[in-house]
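What follows is one structure encoded as structure tokens, with my remarks underneath.
All of the numbers you see were taken from the coordinates with simple rules; none came from a lab. Not measured: the values here are computed from a predicted model. As a convention, Cβ positions derive from the backbone with ideal geometry for all residues, glycine included, and neighbour counts pool all protein chains shown.
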Amino acid sequence: MAVARKDEVAPAAAQEVGLRTGNEMAALAASQINYHVMGYYPITPSTEIAEFLDEMKAEGLHHIYMVEGEGEHSAAGICYGASTAGGRVFNATSANGLMYAIEQLPVQSGTRFPMVLDLVTRSISGPLDIRGDHSDLYFAIHTGWIVLLARDPQAVYDMNIMAVRIGEHPDVMLPVIVAYDGFFTSHQKRRVEFFKNGEIVRQFVGERKQPFTTVDPRHPVTIGGYMNDPDLINNKYQLKLAMDAAYERVIPQVFAEYAELSGREYPLVDLYRMEDAEVAVFLLNSAAETAKDVVDRLRAQGHRVGVISPNVLRPFPIREIRSALRNVKALVIGERADSYGGYGGSVSHEVKAALKDDPENRTLVATRIYGLGGKDFYDDEAESFFRLGLDIARTGRVEVPYDYSDVTPGDPQVQPVQAVEPLRKEEVNLGLTQAEKDPATGEVKVKISPPRVLTERPKRIVSGHGACPGCGIFSAVDQFLKGIEGDVVLLFQTGCGYVVSTGYPFTSHRVTFIHNLFQNGAATLGGVVDMFEERQRRGEIPSGEDITFIMVSGDGGMDIGMGSAIGAALRNHKMIIIEYDNQGYMNTGSQLSYSTPLGHMTSTSHVGPAGRGKTFHHKDTPQIMAATNIPYVFTGVEAFNQDLVRKAAKAQWYARHEGLAYGKLLVSCPLNWRADERMGTKIVEAAVNSCFFPLYEVEEGKTRITYDPEEKGKRIPVSEWLKMMGKTRHLLKPEFEPELKAFEAEVERRWQRLKAKHAHPLL
């Protein structure tokens, strides 16, 4: 494909200078490429890319169709399906998002459909850490995707543009990852240049050409047919040949043509002062820039040192690395990820293998693992790598080939201090709530103590968490726990409630606490329940021991975790699932979730000349869970405290005797709802009185409304609730009348349907 030359497009090829982050530059490149589809799911620190693109789309600056999956696995599937249909596809993810999607990545490369995925590198759980290292990247290099590395925001922009040309080349036809460091590159501003006119970018990448698509009925194709031997090995051999073509011809060609267009050159391997180096340090991405400053300082002291940093990781630039190291006496490889039990990370072993196969090389190599979990890499640590290399070159020996750098191993003699006394049996069994099943009606009858007496129950979650002022999570969960007698085990899925209450080495929980990821909390707690029951059957735990197991989900956890929750419902584990619904993915920056109502503004459903807020209605999770036929489903808010406590006691009875109970609690999020932090209780009360969030329960398949604002004479228009939040006030403007009317109609439809179910025992 011919590239537009500078002399052909000189007036439009002018470039602007600015200060931008890596995520801003990724979004800018994507908007100028004008992909057909972006399938994505929010995860820190890559989420900003979708946010920036959504904001630009609301302003009419691009036409990318943006599709938010219910999880990264789904987002990867959306991207794969879209790529088979013949257009350009883009995605962005990080860490556990990549891990959740990774099953899909070899499918995409094995069937040879190009797309671009920005991997904003981040530490993989567990434990959870949202800062940047390369543990996710090291999984990605084994998926058959081309991997480009971007060390700074400028490279993020340039690599994203070149990635399209590389992946779509007819001799390659592979998906491409552009990887850059989370927070170090993604969020830090740097001086950058970019094309003023996006048409120049589109001329460079050219038209998307695909020999066949899945949307051409006159030419049907079968994608991903089942293969047996020897077909699969031949398929993988073709993938290998595509990688060879990318390495030998396509990537150097595209890099050279882009250099001519932009004035910015990217060799396969970046070499800094390596022309006469005797000692070198090998680093990926942003850390290499820190090491370059140290090189200058050590050079001034008479040491011949240099830095090696690849711009391409797949295909592995083996010849360039061999050539650069041929006269180097000692190499220290710094790795921001480890291959546990492999005595060195993946890159170390690949570099060593490259040198082993070079008969002219005598370089001595040492590996140091650094910067895991986003630990900063300062020049003193970089200098320690060079000093290690200088010692190896001087002595001719590698005393410690593999080790960690700048760590505190800990003292096994020092034990954690228990800052809060555990709850005693007599504290948790106070008899403040009582529940039993009426044999005549089959309903569980509950007696609860007055609110003042309920305050005698000790808090299972104590003060000291880091939630935002006015956050409704803990007041609502605490109110629910007031209705629970006895011992409790809590599992929190990832989300605000988890992050702000368990910052290591502290915890806000006086009861046993477990964390697992969004998509697997219900299955995890189900496993705990099963083991508890089995150990009781075997006599390992006293038969009289009774624990109530409660999972707390929220921040969109019943989107990505819906499958796991339904699985727990089908198995009918004896436990409770509580969903705090704050109407978005608040822990990653207020992106739309499937619980976000129509028209509401989030960071991925902007309002602007071409943006109308969220474009579809919210998911009715309680009705979905009721359809699984579990024994008990309910809704609640802290504003109606007696109602919530009564439902908690009833949920506990069902969890102890019959199986799974599920409850949805609407909770305020003043930060992202753009509301007064003192008004949370009144806002959720208004949501109930407007019939947006009705209070009801589904017990053994029978629906009962537990508070009817119409009967109480307290029903208010939906608009009265909407005007209490900044994220929805635009709906009250005349130009948003269609969205408001559609929202009001849906609220009324769901309310009337609920009343019909309440009135008829068979509905």
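Here are the numbers for the structure shown:
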quantity	calculated
Likely footprinting exposure, 653, 673, fewest C-beta neighbours within 10 Å first	653, 673
At most 15 other Cβ within 10 Å, DSSP loop - trypsin sites (Lys or Arg not before Pro), the stretch 511-541	538
Sorted largest first, extent of the stretch 419-461 alpha carbons per principal axis (Å)	48, 20, 17
Estimated translational D of the chain in µm²/s (Stokes, Kirkwood radius over Cα pairs; 4 °C; 1.567 mPa s)	45
Rg and Dmax [Cα atoms of the stretch 547-665; Å; Rg one decimal, Dmax integer]	15.6, 55
Calculated from backbone phi, Karplus (6.51, -1.76, 1.60) coupling profile of the stretch 553-564 in Hz, x at Gly/Pro	10, x, 6, x, x, 8, 9, 5, x, 4, x, 5
Estimated FRET transfer efficiency (residue 301, residue 468; beta-carbon r; R0 56 Å; 0.05)	0.65
Ellipticity estimate at 222 nm from DSSP helix runs (n ≥ 4, -39,500 (n - 2.57)) divided over the chain, nearest 500	-10500 deg cm²/dmol
Contour excess over end-to-end distance, with Cα ends at residue 760 and residue 278 and 0.36 nm allotted per residue	165.1 nm
Residue 219 versus residue 407: modelled label distance in nm, points set 7 Å from Cα along the beta carbon direction	5.5
Whole-Å semi-axes of the stretch 472-759's equivalent ellipsoid (Cα gyration tensor)	33, 21, 16
Rg/Rh ratio calculated on Cα atoms of the stretch 362-460 (Kirkwood radius)	1.48
The stretch 702-734-the stretch 267-344 distance, computed between alpha-carbon centres (Å)	62
Per residue Cα convex hull volume in Å³ - calculated over the stretch 269-404	101
Calculated on alpha-carbon atoms, Rg and Dmax of the stretch 464-507 in Å	11.3, 30
Proximal lysines relative to residue 240, as straight alpha-carbon distance under 30 Å, when same-chain residues fewer than 8 apart are discounted	209, 352, 356
Per-peptide average of other Cβ atoms within 10 Å, ordering 494-507, 355-368 highest first	494-507, 355-368
FRET E, pair residue 241, residue 623, Förster distance 51 Å, beta-carbon r, rounded to 0.05	0.45
20 Å cut-off, amide nitrogen to a point 7 angstrom out along residue 658 Cα→Cβ, residues in the stretch 415-455	433-448
Length-normalised contact order of the stretch 472-759 in % [C-alpha pairs under 8 Å, at least 6 apart]	17
Segment residue 210-residue 541, length gained on full extension (0.36 nm per residue, minus Cα span)	112.9 nm
Highest-first arrangement of 722-735, 382-395, where packing means the average Cβ count within 10 Å	382-395, 722-735
Average Cα contact separation per residue, the stretch 534-604, under 8 Å, 6 or more apart, as relative contact order %	28
Eligible aspartates and glutamates near residue 292 by straight Cα distance, threshold 13 Å, same-chain separation 8 or greater	270, 379, 380, 381, 383
Förster-model FRET efficiency, 22 Å R0, residue 729 and residue 676, C-beta, rounded to 0.05	0.95
Contact order relative to length of the stretch 482-551, as percent, for alpha carbon pairs under 8 angstrom and 6 or more apart	45
Partner aspartates and glutamates for residue 189 [C-alpha distance under 12 Å; skip if fewer than 8 residues away on the same chain]	24, 152
Sequence-distant residues sharing a close amide H with residue 634 (under 5 Å, placed H)	662, 663, 664, 698
Out-of-range pairs (alpha-carbon distance over 20 Å; input 459/482; 614/733; 574/647; 712/741; 437/702; 482/723)	712/741; 482/723
Net +/- balance of residues flanking residue 358 in space, Cβ distance below 14 Å, scoring K and R +1, D and E -1	+2
Peptides ranked, highest mean first, by Cβ atoms within 10 Å: ranges 152-162, 319-329, 470-480	152-162, 470-480, 319-329
Spacing of the two label points (7 Å from each Cα toward its C-beta) at residue 438 and residue 234, in nm	7.3
Segment residue 260-residue 642, extension gain: residue separation times 0.36 nm, minus the distance between their alpha carbons	130.4 nm
Virtual paramagnetic centre 7 Å along Cα→Cβ of residue 456, amide N under 16 Å, in the stretch 406-430	424-430
